[in-house]
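What follows is calculated from the coordinates using simple rules that are stated; it is not laboratory data. The structure displayed is predicted, hence computed values, not measured ones. As a convention, Cβ positions derive from the backbone with ideal geometry for all residues, glycine included, and neighbour counts pool all protein chains shown.
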There are 2 protein chains.
Amino acid sequence: MVKKQGFVKQITSRDDDFAKWYTDVCLKSELCDYSSVKGSMVIRPTGTAIWEKIRAVVDARLKETGHQNVMMPLLVPEHLLLKEAEHVEGFAPEVAWVTMGGETELSERLAIRPTSEVLFCEHFKTVIHSHRDLPVLYNQWANVMRWEKNTRPFLRTTEFFWQEGHTCHVSHEEAEKEALMILDMYVDVCENILAIPVVTGVKSESEKFAGAEKTYTNETLMYDGKALQINTSHHLGDHFGKAFDITYTDKEGKEQFVYTTSWGLTTRTIGGMIMVHSDDRGLVLPPRIAPTQVVIIPIAQHKEGVLDKADELKGILSDVATIKVDDSDKQPGWKFSEAEMKGYPIRIEMGPKDIENNQVIVVRRDTLEKMTVPFDDTLPTVISELLEIIHHDMLAKARKRQEEKTRVATTKDEFNRLIEEGGFVLAPWSGDEAVEELIKEQTGATSRCWSFDHQQDDLTGLKDLWNGEPAKYMMHWAKAY
Amino acid sequence: MVKKQGFVKQITSRDDDFAKWYTDVCLKSELCDYSSVKGSMVIRPTGTAIWEKIRAVVDARLKETGHQNVMMPLLVPEHLLLKEAEHVEGFAPEVAWVTMGGETELSERLAIRPTSEVLFCEHFKTVIHSHRDLPVLYNQWANVMRWEKNTRPFLRTTEFFWQEGHTCHVSHEEAEKEALMILDMYVDVCENILAIPVVTGVKSESEKFAGAEKTYTNETLMYDGKALQINTSHHLGDHFGKAFDITYTDKEGKEQFVYTTSWGLTTRTIGGMIMVHSDDRGLVLPPRIAPTQVVIIPIAQHKEGVLDKADELKGILSDVATIKVDDSDKQPGWKFSEAEMKGYPIRIEMGPKDIENNQVIVVRRDTLEKMTVPFDDTLPTVISELLEIIHHDMLAKARKRQEEKTRVATTKDEFNRLIEEGGFVLAPWSGDEAVEELIKEQTGATSRCWSFDHQQDDLTGLKDLWNGEPAKYMMHWAKAY
């Protein structure tokens, strides 16, 4: 028995100061580090490994559904970025500009891509000629940059990493189907890989992507009750097709504009995962994304046979999980704390007594529950099943909290109070943008989405809480990251 | 039998105009496309898939040898880039500078990383404290930028993609071992994946990386007789450790500087692969890197059973190779030419007569050799063995050409003549940098490396061909990309 588990690195409590807690977790679990460029971060090995796992999962699903990866240039000439007025308005204030190449001033400024929309459009124009060339289903894994003033590791950084999908189709229906199929895939990744429950729906006109016909979104609640748009999928209609003159010859020989979609999932996902699951002891990683799923901590490792047994255990479990033995020369108590800080889903403790009794101590990171488990043939099954249980428990716990923090407002005062308390507030809305403005001004909340779950609601008799007009939407509202 | 194989897209002959041929192959095989930013390109799906395969192979080998991936910021503050004088001198003329963030002029210019050396050094300083923290074996997959005037797809572009490894060690010996281990890995990737034979050795003082103690290199000859440095591995000694004050406490409690290495393999590799293997019909892809290894072209595909049989064939072969059926509505002759342009290692033709005779026609892309092969249980083995044969034949052919184009010069005149004819010229050298300058000025050739194969040569009595001093090195010289 270890009497005192001195924390390796003390962190702020999440109930005391959520923002400080979040930064503490990011840095002390060694996911990232500061860099000398304000707003940019160094993503350290564990953070990178998590992003690589997300990338592998999403990439495989995109390839299964016929998407191909391409690599677009980093820089966008100013005239090209300015080509589509609505689109550029959405990004211009946030662009980093290259003005010098070597010792020479450039004749035209070049933007570091805030998104590659216009580059894809320009390329589509050169590769699409006939209906036989469609659909074009492209994706790229890239870094992009938005010159944000207030930044936060993973959640909002000037440079971030993402996949951006860009597709072209012969019809409105096909583009719509694509945008929704991707949204579904994102839901699956959030819930079944990251254990993050989401509310899925469509953005309001004022919250949608610049240039989109419809922006579909997955929204989720953080531990502090603020919402996060965790990914989005846009149906762009023929808006970009017309703006960039991307046409094809249809089966009847007629020239037609393409319908396009775009969609993205970013390193912000990692920030969301931290804010949903982690606690005052540090990171809590969902088992299906954890680069190391089980850490084995030998007790009294200087005693004969202990380290050998730990290695044997590692060998036995390595078919069912990714394992690490912490055989560093620190005290076990420190190792426990460090394992908790780093969020390994399962920790296995094993000392001479356990070896004598043919058992190991298994500790779940999510609940901190300890159990004594026989060290025999059944152990791999126990561990592999426990990893699955942890995943489902983490998802269920987050879902329960999200549901508890989703409440319906029937009056303006109630709305304001609930927003102040945090969480999603469901309230009827007429669709009037002036109301969105007003709410934002008075409460800081924004409309998050018109969720699919509420699109069949019977709104008869319901009125917009602000302007008294008939309600058209039962919207999710929240303060958001 | 197809009588006329009309080329889908005519390209320049490589003997007529090698530069034009190269660009034609890159564009018409659809590996890449031009972009609206001079010197940057769009890497299309096949080009991207090739890079992803190279990435997967290298990444797996790096992870097997204990390396971890990280992700560093894109931008480097000017003062940090300027910190190490020798290093910055190597890059300053080629840097793209960000001077505006949104509407605001920045107080300090930010360079788009030409390499991330200084960012890694800055980070190492914060994560390395004790000898227990060493070695640190980091790598990143990233885009970098060098503001080149003369660009060429893949071979020299302003933005390019690479992996850059950066490691820290306790001793000179350990760093040396690391640099050489990576060099070996690169040789393996070039020869055993890309079928590119290399000459491995060390760069001269004037040709080494800015700040390196030693630069190891793999050099290879293109079809036109020009050399290409296809990748490099640098032993940096304690140079960067001292410049950036990266220290650790050793076992005796003493403060010590770290020894570092860095090494990189870029998208330039794809350019080298094209220039070594391809021909006047287009791209020739080595089987182990080809995203699609076998293309099946049905003949008279409108006839009953032909497409079904092609799909059956695809099913049968998909365990041993990546397969595509070209069932587009083009004529077979066009499909053959297109298959040749795109460089699929094997093409299988199959029409009603072949089906009747239980056979298929197999065509090798590298030799254009045609063979009739029974369509029975042995076919998967035949195809999988043929892919291996093609790999080895392509490597052997390239090696033979490289060896034939490597000649020894015993006089200055002979040297000048051989350089003019192209290929590697082996010549004794005193080590005098003035001689390198002179040769470059007079012939355009540079010293490529002092190859490991010639480091044991007995140079007794041999003299530098230019200054008559005793020879210290038997160098490889060539005009180079």
Given the rule -39500 (n - 2.57) for each run of at least 4 DSSP H residues, summed and divided by the residues of chain B, what is its mean residue ellipticity at 222 nm, to the nearest 500 deg cm²/dmol?
-10500 deg cm²/dmol
Is chain B best put as rounded, prolate or oblate by its Cα gyration tensor, with a ≥ b ≥ c the root eigenvalues, rounded for a/c under 1.5, and otherwise prolate when a/b is larger than b/c, oblate when not?
prolate
Does anyone have the angle between helix A:18-28 and the longest principal axis of chain A? Alpha-carbon axes, 0 to 90°, nearest 10?
60
Region A:415-429 - phi-based ³J(HN,Hα) in whole Hz, Karplus 6.51/-1.76/1.60, Gly and Pro as x:
3, 4, 5, 5, 4, 4, 6, x, x, 7, 10, 8, 8, x, 9
Pseudo-spin-label distance B:Asn358 to A:Gln442, built 7 Å along Cα→Cβ, given in nm, is 8.4
Ranked from fewest to most other Cβ atoms within 10 Å of their own Cβ, A:Ser171, B:Ser107 fall in the order B:Ser107, A:Ser171
Please list, or write none, the lysines whose alpha carbon is within less than 24 Å of the alpha carbon of A:Lys353, excluding same-chain residues fewer than 8 places away.
A:Lys3, A:Lys4, A:Lys303, A:Lys309, A:Lys314, A:Lys324, A:Lys330, A:Lys335, A:Lys370
Taking only C-alpha pairs under 8 Å that are 6+ residues apart, what is the relative contact order of region B:1-141 in percent?
19
Determine which residues of region A:184-201 fall in the zone a paramagnetic label at A:Glu403 would reach in this model, i.e. backbone nitrogen under 13 Å from the point 7 Å along Cα→Cβ.
A:197-198
The answer for B:Ser278, listing residues at least 5 apart or on another chain whose modeled amide H is closer than 5 Å to its amide H, is B:Val284
By a straight-distance test (C-alpha under 13 Å), which aspartates and glutamates pair with B:Lys479 as possible cross-link partners, with residues fewer than eight away in the same chain excluded?
B:Glu219, B:Asp224, B:Glu420, B:Glu421, B:Glu436, B:Glu441
Applying the gyration tensor rule to the Cα atoms of region B:294-385 (axes a ≥ b ≥ c; rounded if a/c under 1.5, else prolate if a/b exceeds b/c, else oblate), the class is rounded
If R₀ is 22 angstrom, what is the calculated FRET efficiency for the pair B:Asp16 and B:Lys53, using the beta carbon separation as r and rounding to 0.05?
0.10
Whole-Hz Karplus ³J(HN,Hα) for region B:88-98, in order, using 6.51 cos²θ - 1.76 cosθ + 1.60 and θ = phi - 60°, x for Gly and Pro?
5, 4, x, 10, 3, x, 10, 9, 8, 10, 8
Label points for A:Trp334 built 7 Å along Cα→Cβ; distances to same position in the other copies, nm, shortest first, come to 7.1
Simple label model, 7 Å out from Cα along Cβ direction - B:His302 to B:Lys370, nm:
2.3
In terms of the Cα gyration tensor, with a ≥ b ≥ c the square roots of its eigenvalues, is region A:52-195 rounded because a/c is under 1.5, prolate because a/b exceeds b/c, or oblate?
oblate
Amide hydrogen neighbours beyond the local backbone of A:Ala96, cut-off 5 Å, H modeled:
A:Ile112, A:Trp147, B:Gly102
Per-selection metrics, the protein assembly as shown (Cα): Rg and Dmax in Å
30.6, 105
Of all GluC sites (Glu not before Pro) in region A:306-383, the ones in DSSP coil with at most 12 other Cβ atoms within 10 Å are A:Glu369
Quick one: which residues, 5 or more positions from B:Gly343 or on another chain, have an amide H under 5 Å from its amide H? H modelled 1.01 Å from N in the peptide plane, none for Pro or chain starts.
B:Leu283
Longer than 20 Å from Cα to Cα, which of A:Lys53/B:Lys53; A:Lys125/B:Lys342; A:Lys28/B:Lys254; B:Lys203/B:Lys472; B:Lys208/B:Lys472 are they? Say none if no pair is.
A:Lys125/B:Lys342; A:Lys28/B:Lys254
May I ask you to evaluate 6.51 cos²θ - 1.76 cosθ + 1.60, the Karplus curve with θ = phi - 60°, for each residue of region B:301-306 and list the ³J(HN,Hα) values in order in whole Hz, giving x for glycine and proline?
5, 6, 6, 4, x, 5
I'd like the mean, over residues of B:40-48, of how many other protein chain beta carbons sit within 10 Å of each residue's own Cβ.
6
If contacts are Cα pairs under 8 angstrom and at least 6 residues apart, what is the relative contact order of chain A in percent?
14
In the neighborhood of B:Glu385, defined by Cβ-to-Cβ distances under 13 Å, what is the net charge if each Lys or Arg adds +1 and each Asp or Glu adds -1?
-1
Distance (nanometres) between label positions extended 7 Å along Cα→Cβ at B:Ser107 and B:Glu64:
5.0
How high is the relative contact order of region B:370-481? Use alpha-carbon pairs under 8 Å, at least six apart in sequence, and give a whole percent.
27
Between copies, how close do the B:Lys370 label points come, placed 7 Å along Cα→Cβ, listed in nm from shortest?
7.7
Short version: what are the Cα gyration tensor semi-axes of region A:18-277, square root of 5 times each eigenvalue, largest first, in whole Å?
31, 23, 16
